[in-house]
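Below you'll find the structure, written out as structure tokens, and then a few comments.
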Amino acid sequence: MNGRRIIVALDLPTAEEAVRLAGALAEYVAGFKVGLGLLHGAGPGLVGVLARLGPVLADAKLHDIPTQVQAAAQRLGEYGARWVTAHASGGPDMLQAAVRGLSTGAGDREAGVLAVTVLTSIDGAGATALFGRSPGELTSRLAKSAARTGVEGVVCSPKELGVVAEVAPGLRRVTPGIRPAGSAADDQRRTATPAEAVARGADLLVVGRPITAASDPAGAARRLHEEIGGV
């Protein structure tokens, strides 16, 4: 990935806009995230188009019975996904099925599953109300379980990066909820600046609106790349 850490979230209305923006940002980012909006709109074929410009994170957030998850991960691998997300709360059997499916679909290409722990839109009170545990406690349990399934990494908030490093040090740490100083949090609850996230141990930073909604997206991506040292 040439020392780049930023995965830009292409949460845009159309495939055309996503591809055009990806082309403008390719030199500054480590890859592109395709979320549920485009996967269920433009369709998974967009993954293949974007893969010509750089690595693609298909943020499908798979969560179903293992056979269905395996089939979906395989198809996304066939389309060219470098990473596919699946909810860690689906359990070890489901995550293992995702790993098998993606490996089959990707063939000889490098590809890995990222296990989603606790969404960054859920704050401490929300996690306690829903799950009876704090985000840190829940992330610790889910990451520890995911580490035994063959996934490449986990998706966690910047606040739980240290927890993941402690319980699953061998996993790649991917974090959304990245907001440059002075940026609006939008619907995110557990956030950090890019520099803070890297200092806490993030390997890849998923950044959406601070880049895609900027008046100069390429300039915004370049500044973020430079802010974290380009390493």
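The values are calculated or read from the model by the stated rules, or taken from the named source; none is laboratory data. All values reported here derive from a predicted model rather than from experimental measurement. Every residue, glycine as well, gets a Cβ built from its backbone with ideal geometry; the counts of neighbours run over all protein chains shown.
If the condition is being among the aromatic types (Phe, Trp, Tyr) and in contact (Cβ under 8 Å) with a residue 40 or more places away in the chain, then the range 13-41 contributes only 28. Among the residues that make up the range 184-193, is at least one of them in contact with a helix residue (DSSP H, G or I) (Cβ under 9 Å, 6 or more places away or on another chain), at pLDDT below 95, closer than 21 Å to residue 85 by Cα and surrounded by fewer than 21 Cβ atoms within 10 Å (Cβ to Cβ)? Yes, there is a match, as at least one residue in the range 184-193 is in contact with a helix residue (DSSP H, G or I) (Cβ under 9 Å, 6 or more places away or on another chain), at pLDDT below 95, closer than 21 Å to residue 85 by Cα and surrounded by fewer than 21 Cβ atoms within 10 Å (Cβ to Cβ). Listed by first and then second residue, the pairs with beta-carbon distance under 8 Å, at least 6 apart or on different chains, first residue in the range 196-219 and under 17 Å from residue 37 (Cβ atoms) and surrounded by 17 or more Cβ atoms within 10 Å (Cβ to Cβ), second basic (Lys, Arg) and at pLDDT 95 or above, are 206/33; 208/33. Which of the residues belonging to the range 42-58 are under 20 Å from residue 117 (Cβ atoms) and in contact (Cβ under 8 Å) with a residue 40 or more places away in the chain? Correct list: 57 only. Please tell me if residue 117 is of a type in the set (S, T, N, Q), in contact with a Ser or Thr (Cβ under 9 Å, 6 or more places away or on another chain), under 23 Å from residue 178 (Cβ atoms) and crowded, with 22+ Cβ neighbours inside 10 Å. The answer is yes for residue 117. With a requirement of 3 or more residues that are modelled with pLDDT of 95 or more and touching a Ser or Thr at 6+ places or on another chain (Cβ under 9 Å), the strands (runs of 3 or more DSSP E) lying completely within the range 1-84 that satisfy it span 56-62. Kindly indicate whether any position in the range 21-41 is buried (at least 17 other Cβ atoms within 10 Å of the Cβ), in contact with a helix residue (DSSP H, G or I) (Cβ under 6 Å, 6 or more places away or on another chain), among the small types (Gly, Ala, Ser) and over 15 Å from residue 211 (Cα atoms). Within the range 21-41, not a single residue is buried (at least 17 other Cβ atoms within 10 Å of the Cβ), in contact with a helix residue (DSSP H, G or I) (Cβ under 6 Å, 6 or more places away or on another chain), among the small types (Gly, Ala, Ser) and over 15 Å from residue 211 (Cα atoms). The set of residues in the range 91-121 that are assigned to a helix (DSSP H, G or I) and under 17 Å from the mean Cα position of the chain (by Cα) comprises 95, 98, 99, 102. Applying a threshold of 9 Å to beta carbon distances and a minimum spacing of six or more residues, or different chains, the list of pairs starting in the range 125-137 at a residue that is farther than 14 Å from residue 89 by Cα and ending at one that is assigned to a loop (DSSP other than H, G, I, E, B) reads 126/189; 128/134; 136/118.
Across the range 122-132, the qualifying residues are those that are outside any helix (DSSP H, G or I) and not acidic (Asp, Glu), and the one among them that is surrounded by the fewest Cβ atoms within 10 Å (Cβ to Cβ) is 132.
Residues that are of a type outside the set (Val, Ile, Thr) and modelled with pLDDT of 85 or more were ranked within the range 115-136; the one that is farthest from residue 159 (Cα to Cα) is 129.
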